[in-house]
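For reference, the structure discussed in these notes is given below.
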Amino acid sequence: MQSYRSYIDGNWCQGDEIWKNTNPSDTSDIIGECEFSNRRQAEDAVAAARSAFPAWSRSQLEERAKILDRIGREITDRRVELGTLLSREEGKVLSEGIGEVDRAASFVNYMAGEVFRFDGKRYASVRPGIEIETTREPIGVVLGITPWNYPLANGAWKVAAAIGYGNCVILKPSEFAPASAWAFAEIISRAGLPPGVFNLVMGTGEIGDALVNSNDVDGITFTGAVPTGQVILAKAAKRQTRVQLELGGKNPLVILDDADLEIAINCAVFGAFSQTGQRCTASSRLIVTKGIYSKFVDALLKRTEALVVGHALEKGTNMGPVSNEPQLEKDLTYIKLGQEEGAKLLCGGARVKRETAGHFLSPAIFSDAHNDMRICREEIFGPVTTVIPARDYEEAKSLANDTEFGLSSGIVTTSLKYARDFNRNSQAGMVAINLPTSGIDYHVPFGGRKLSGFGSREHAHSADEFFTENKTTYTSPGNCD
Ligand code: UN1
């Protein structure tokens, strides 16, 4: 059986406690054993990163690029194998698993090129004879904490940006999907990085907390739920450690009377139920104007009931299981709550039996929902969506913005006027027009507003705002020759 050990200062380290990594499509399938690190190992990882930093921060750009290129290439060469492993441990269907592997590789490849564009600017001074330049320098030791829903891609975009910009990094993946993160670390361990530049620490939130509390971490990049993000932010604030948070969402998809119904249904079904609804960008509020409401609800119900729920690796499955038991319990609690609150459960929301024992849940739609219900205000993170009626565009727009979150939003309309107005007024970090609220490119900024995010955006060139510091240098020729 495969053991997933921590990787600290170039060595694989035995952990204290063992966690069995089970397949959510078949809980009798134990994928491997994750060995949790202890506190001393967490401290060792930070110390290793600290001592590797001076040399790595001055490493040659070509060395960084070649290492990233090697990592990206191996991920691509093993895309089916890694995608299968990812689907087996996380529960997303194989096409989604392989899609995530491709996304991880693409981001690493992107960073392999981006290291060369890591440059500065020259300015004229307002004072005579003086020159100014601004440059960016790596920040030091970065801690990346990643969630179970993107066990490979999320680690890839944090780690590749960290090391590409000359930082040293400690990755702490979720204990619920350790195999993909471990496979990624194993690839990195053979890519030629000096010891200590990349470290992997396995464990639960407890070890994550020990890392967050370390005095020697210069930046924390976290993807996960709002409450954890807020705890991290409060702790980091005491030491003025920089933080980047990519948190949850309660993402609205507005469907107007003039929408193309087919496009609206495609966007809604993909946005609500792809990856079993376990995406921070999932469409959990479908806000529909009254002229199309009943047509939309009927068509949505038909398409949702046709989704095949089953084993993530079985051909023909459209929606895999919920990723883990605590998440399934949470989904069921909200489904009960939605009924108590008076929304109409149109379909789904029940455990489903299949040949294998897995965390299967039928996709749930609540219609006639009100935006003030808890099922419309709190992130569920499962295959549960709500349909909220709206009088007209203006009301739909204001309902869309009436949320504490602001990650992603969408509108389906054939009207340029409404599309432009929505784009201008949506209080979200990302707006999708005639497209699902989920699904992002890797070469453009990604992140949310309001409770959905904090700090600078991830991805692309905007990653340098978190992973590097600015320096402004004033030079006078003085008496130099
Ligand atoms: C997407 O919509 O494809 O954890 C991206 C998440 C996000 C990424 C979602 N960090 O769901």
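The values are calculated or read from the model by the stated rules, or taken from the named source; none is laboratory data. Quantities reported herein were computed from a predicted structural model and do not represent experimental measurements. Using ideal geometry, Cβ is built from the backbone for each residue, glycine included, and neighbour counts are taken over all protein chains shown. Areas reflect the complete protein model, heavy atoms only, side chains present, ligands, DNA and RNA absent. Shrake-Rupley method; radii C 1.70, N 1.55, O 1.52, S 1.80 Å.
A few comments on the model shown:
- Scan of region 285-304 for residues that are outside any strand (DSSP E or B) and touching a residue at least 24 places away in the same chain (Cβ under 8 Å), ordered by number: LYS290, GLY291, ILE292, TYR293, LYS295, PHE296, VAL297, ALA299, LEU300, LEU301, ARG303, THR304
- All conditions in (1) within 22 Å of GLU262 (Cβ to Cβ); (2) touching a helix residue (DSSP H, G or I) at 6+ places or on another chain (Cβ under 6 Å); (3) away from the ligand (no atom under 16 Å from the Cβ) hold for ALA396, with the sole exception of (2).
- Any hit, region 153-174, residues being assigned to a loop (DSSP other than H, G, I, E, B) and surrounded by fewer than 23 Cβ atoms within 10 Å (Cβ to Cβ): no
- Filter pass, PRO326 being assigned to a loop (DSSP other than H, G, I, E, B), more than 16 Å from the ligand (Cβ to nearest atom), within 27 Å of LEU247 (Cβ to Cβ) and not small (Gly, Ala, Ser): no
- Residues in region 3-17 that are within 15 Å of PRO178 (Cβ to Cβ) and under 26 Å from the mean Cα position of the chain (by Cα): SER3, TYR4, ARG5, SER6, TYR7.
- Filtered residues of region 175-223 (kept if in contact with an Asp or Glu (Cβ under 6 Å, 6 or more places away or on another chain) and open to solvent by 10 Å² or more (accessible area, probe 1.4 Å)): PRO195, THR204, THR223
- For the residues ALA312, ALA282, the requirement of being more than 16 Å from the ligand (Cβ to nearest atom) and at pLDDT 95 or above singles out ALA312.
- Restricting SER37, SER51, SER25 to those that are among the small types (Gly, Ala, Ser) and within 27 Å of ARG103 (Cα to Cα) reduces the list to SER25.
- All positions within region 283-307 that are open to solvent by 10 Å² or more (accessible area, probe 1.4 Å) and in contact with a strand residue (DSSP E or B) (Cβ under 7 Å, 6 or more places away or on another chain): SER284, LYS290, TYR293, VAL297, LEU301, GLU305, LEU307
- Criterion: within 18 Å of SER408 (Cα to Cα) and basic (Lys, Arg) - qualifying residue of LYS235, LYS250: LYS250
- Close contacts from region 339-367, counting a first residue that is at pLDDT below 95 and a second that is open to solvent by 30 Å² or more (accessible area, probe 1.4 Å), with Cβ to Cβ under 6 Å and a gap of 6+ residues or different chains, come to none at all.
- Matching entry among ALA179, ALA268 (being assigned to a helix (DSSP H, G or I), of a type in the set (A, V, I, L, M, F, W, C) and more than 16 Å from the ligand (Cβ to nearest atom)): ALA179
- Test: residue in region 131-141 that is more than 16 Å from the ligand (Cβ to nearest atom), buried (at least 24 other Cβ atoms within 10 Å of the Cβ) and more than 22 Å from GLY248 (Cα to Cα): yes
- Selected residue [modelled with pLDDT of 95 or more, under 26 Å from the mean Cα position of the chain (by Cα) and open to solvent by less than 50 Å² (accessible area, probe 1.4 Å)] from SER408, SER415: SER408
- Residue count for region 341-370, restricted to those that are in contact with a Lys or Arg (Cβ under 7 Å, 6 or more places away or on another chain) and either open to solvent by 10 Å² or more (accessible area, probe 1.4 Å) or among the β-branched types (Val, Ile, Thr) (or both): 2
- Condition check for ASN149: more than 21 Å from GLU246 (Cα to Cα) and buried (at least 18 other Cβ atoms within 10 Å of the Cβ): no
- Verdict on THR403 being surrounded by 16 or more Cβ atoms within 10 Å (Cβ to Cβ) and not assigned by TED's automatic domain parsing to the domain that holds ASP119: yes
- Counted residues, region 20-38 - those being in contact (Cβ under 8 Å) with a residue 40 or more places away in the chain, open to solvent by 80 Å² or more (accessible area, probe 1.4 Å) and under 26 Å from the mean Cα position of the chain (by Cα): 0
- Residues (within 14 Å of the ligand (Cβ to nearest atom), under 17 Å from the mean Cα position of the chain (by Cα) and among the polar types (S, T, N, Q)) located in region 87-114: SER106
- Answer residue from region 192-248, given it is polar (S, T, N, Q) and not in a loop (DSSP other than H, G, I, E, B) and is farthest from the ligand (Cβ to nearest atom) among those: ASN199
- Look at region 433-444: where a residue is more than 13 Å from HIS461 (Cβ to Cβ) and in contact (Cβ under 8 Å) with a residue 12 or more places away in the chain and a partner is open to solvent by 30 Å² or more (accessible area, probe 1.4 Å) and away from the ligand (no atom under 11 Å from the Cβ), sitting 6+ places away or on another chain with Cβ atoms under 8 Å, you get ILE433/ASN423; ASN434/ASP260; ASN434/ILE263; PRO436/ASN266.
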